[in-house]
1. GNM on the chain, C-alpha springs below 10 Å: top fluctuator among 34, 171, 190?
2. Given a 10 angstrom Cα cut-off, can you work out which residue in 58, 69, 151 is the most mobile in a GNM of the chain?
3. For the chain, what proportion of DSSP beta bridges, expressed in % and rounded to the nearest 5, is antiparallel?
4. Quantify how much of the Cα-Cα distance distribution of the chain extends past 29 Å, in percent.
5. Using Cβ counts within 10 Å as a stand-in for footprinting exposure, how do 152, 100 rank, fewest first?
6. Pick out which of 189, 27, 39 has the largest mean-square fluctuation in a Gaussian network model of the chain, springs linking Cα atoms closer than 10 Å.
7. Using 1/(1 + (r/R0)^6) with R0 = 25 angstrom and r between the beta carbons of residue 75 and residue 14, what's the FRET efficiency to the nearest 0.05?
8. For the chain, what does the helix formula give at 222 nm: sum of -39500 (n - 2.57) over DSSP H segments with n ≥ 4, over the residue count, nearest 500 deg cm²/dmol?
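No lab work stands behind these numbers, since they all come straight from the coordinates. Fair warning: this is a prediction, and the values are worked out from it, not measured in the lab. When we count neighbours, we look across all protein chains shown, and the Cβ atoms used for this are built from the backbone with ideal geometry, even at glycine.
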């Protein structure tokens with residue numbers, strides 16, 4: 001087939017081996033493929049390559065996330081199809097609401113992709129305008145326990161999971177210790193954890209957060 005007639009897919013993944021494997025699989029699916037390892041490179045390549053679809057990791061190291069890049073590219077090219085491929089159980093684990101993702105996006109968790117053609121199938125579905133919630137929204141089908149938290153609660157929970165004390169969190173956020181304690185108490189309540197259990201609640205909350213982040 002004439003390469004100029006092939007649909008174009010940009011793969012954005014900071015892990016070299018995985019980026020190569022995903023790009024090769026998509027190429028076998030009949031697409032013209034370009035790749036990028038960073039947010040900055042993704043924006044540069046997209047401007048030249050003009051992709052029909054983007055397969056986007058979320059954690060791209062320091063700097064903008066895959067969500068940030070996808071938002072920019074969706075504004076530049078409203079018709080571009082976006083497939084997130086990530087370790088995050090859900091956008092909420094990165095303090096992002098699923099409702100703010102580009103409309104029609106697919107969301108695949110890396111650990112849940114077992115068949116080689118699954119990513120290609122997700123790309124085809126999003127390109128065709130099918131509702132990705134039917135098969136390609138793992139964030140909606142994988143329980144992760146963070147759906148009911150506010151952005152503030154998610155941010156504070158991330159600091160708790162990072163091992164910070166309430167006083168350290170207050171200093172980081174520039175707020176009072178009492179305000180932080182209220183946020184944490186409400187967060188634990190939303191997660192079904194009993195603050196009266198003391199340190200155990202922090203441990204359990206940290207486990208929930210790290211699981212949703214796809215980390216051991």
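1. Ranking 34, 171, 190 by mean-square fluctuation puts 171 first.
2. Among 58, 69, 151, the largest GNM mean-square fluctuation belongs to 151.
3. Numbers: 0 of 18 bridges.
Antiparallel: roughly 0 percent of the beta bridges in the chain.
4. Numbers: 7338 of 23220 pairs.
So the pairs more than 29 Å apart make up 32 percent of the total in the chain.
5. Values: 152 14, 100 9.
If I rank by nearby Cβ atoms, fewest first, I get 100, 152.
6. Checking each option, the largest mean-square fluctuation is seen for 189.
7. On the way: r = 23 Å, r/R0 = 0.90.
Step by step, r from the Cβ atoms, then E = 0.65.
8. Details: 9 runs with 96 residues, N = 216.
-13500 deg cm²/dmol, from helical runs alone.
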